[in-house]
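Step one of this worksheet: look at the structure below.
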Amino acid sequence: MTLPPRLRAPLLLLLKLGLLAAALWFVFRRISPRQIGQVLASVQLGWLGLAVGLFAASKWLAARRLNYFQRAIGVDLSEAANLRLYWLGMFYNLFLPGGIGGDGYKVLVLRRAYPTKTAALVRALVLDRVSGLLALGVLLVALAWVVPLPLPGLWVWRGVAGLGAAGLLLGGAAVTERWFAPFGPTYWRTQGLALGVQAAQLLCTLALLAATHTVAQQPAYLLVFLASSVAAALPFTVGGAGAREVVFLLGAQWLGLDAAVSVSLSLLFYLLSAAVALPGALVGEGSWNAVERG
């Protein structure tokens with residue numbers, strides 16, 4: 001039986017909230033909230049402020065990357081108009097997860113100005129997400145060569161992963177040229193920006209580690225952070241909350257990290273994501289006008 005459209009969004013939100021509750025139950029069954037509270041109480045605000053700035057910089061780079069995809073199909077937004085729309089999309093993704101979401105809102109706005117480009121806009125958004133996942137994979141492989149992973153035949157795994165990452169990057173270029181030809185000329189530029197986005201978020205994570213007075217095993221924490229970013233990109237929870245915490249906990253257990261610091265790092269990252277996304281609500285009224293002016 002097919003659900004009426006008006007019921008799909010509420011049921012999807014309920015499912016996401018259920019998964020979020022289950023994930024948090026799983027985490028807090030294995031670690032005391034008091035331990036996390038002790039870590040959070042010792043946070044240095046200066047480092048936290050730097051982390052917020054670095055995360056905001058990563059989102060500015062991400063907005064520029066998306067605009068390259070859009071311009072490849074003739075959607076010529078100014079950087080200012082694109083940034084306003086991108087920030088509002090961040091707000092919708094994080095705070096209004098039961099509706100159309102940030103990506104859906106961007107398509108709705110842009111297709112009013114460019115009605116013949118709806119399918120191309122969807123492809124641009126999909127390729128934008130794929131470029132981010134490719135960048136995550138490349139950096140995961142790079143860190144896997146630094147972090148002493150508890151795997152038998154580690155050098156073999158590292159070699160296979162390195163070849164796989166190179167193959168994905170080159171294969172992505174070939175697939176884009178073959179099946180997404182308008183985006184072909186932008187492939188390496190957008191992929192470079194995707195790596196810049198993730199590098200800025202790694203620096204943000206280093207600032208959070210400094211804020212929690214964590215100096216040992218920093219590369220391992222960064223590796224877990226990247227793995228959690230892959231999990232958070234999957235549309236199963238509200239703004240990635242819950243998924244990140246589970247990956248941070250399991251990664252800490254696997255790599256012998258401090259579980260309280262690891263989960264606290266995840267919570268801090270979610271909170272600063274919310275703080276950076278929140279101003280997107282202030283540009284909501286002007287988004288359509290901004291696009292027309294752009």
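The values are calculated or read from the model by the stated rules, or taken from the named source; none is laboratory data. Because the structure is a prediction, the values reported are computed rather than measured. Here the Cβ positions follow ideal geometry from the backbone for every residue, glycine too, while neighbour counts run over all protein chains shown. In case anyone asks, the SASA skips ligands and DNA or RNA and just uses the protein heavy atoms, side chains included. Shrake-Rupley method; radii C 1.70, N 1.55, O 1.52, S 1.80 Å.
Yes/no matrix, rows are residues, columns are (1) under 21 Å from residue 166 (Cα atoms); (2) touching a residue at least 60 places away in the same chain (Cβ under 8 Å); (3) among the hydroxyl-bearing types (Ser, Thr, Tyr):
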position: 112; (1), (2), (3): no, yes, no
position: 119; (1), (2), (3): no, no, no
position: 128; (1), (2), (3): yes, yes, no
position: 131; (1), (2), (3): yes, yes, yes
position: 135; (1), (2), (3): yes, yes, no
position: 140; (1), (2), (3): yes, yes, no
position: 146; (1), (2), (3): yes, yes, no
(request) Taking the options 167, 192, name whichever one is modelled with pLDDT under 95 and assigned to a helix (DSSP H, G or I). (result) 167
(request) Determine the pairs where a residue that is over 16 Å from residue 111 (Cβ atoms), located within region 63-76, has a partner that is of a type in the set (Lys, Arg) and open to solvent by 20 Å² or more (accessible area, probe 1.4 Å) with Cβ atoms under 8 Å apart, the partner being 6 or more residues away or on another chain. (result) 68/189
(request) Can you give me the ranges of the helices (runs of 4 or more DSSP H) entirely in region 3-86 with at least 2 residues that are at pLDDT 95 or above and surrounded by 15 or more Cβ atoms within 10 Å (Cβ to Cβ)? (result) 45-72
(request) Search region 232-256 for residues being open to solvent by less than 20 Å² (accessible area, probe 1.4 Å) and either touching a Lys or Arg at 6+ places or on another chain (Cβ under 9 Å) or in a loop (DSSP other than H, G, I, E, B) (or both), and hand back the single one that is farthest from residue 133 (Cα to Cα). (result) 249
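Tell me the residue from 156, 147, 175 that is assigned to a helix (DSSP H, G or I), closer than 21 Å to residue 224 by Cα and of a type outside the set (Lys, Arg), please.
Criteria check complete, one pass: 156.
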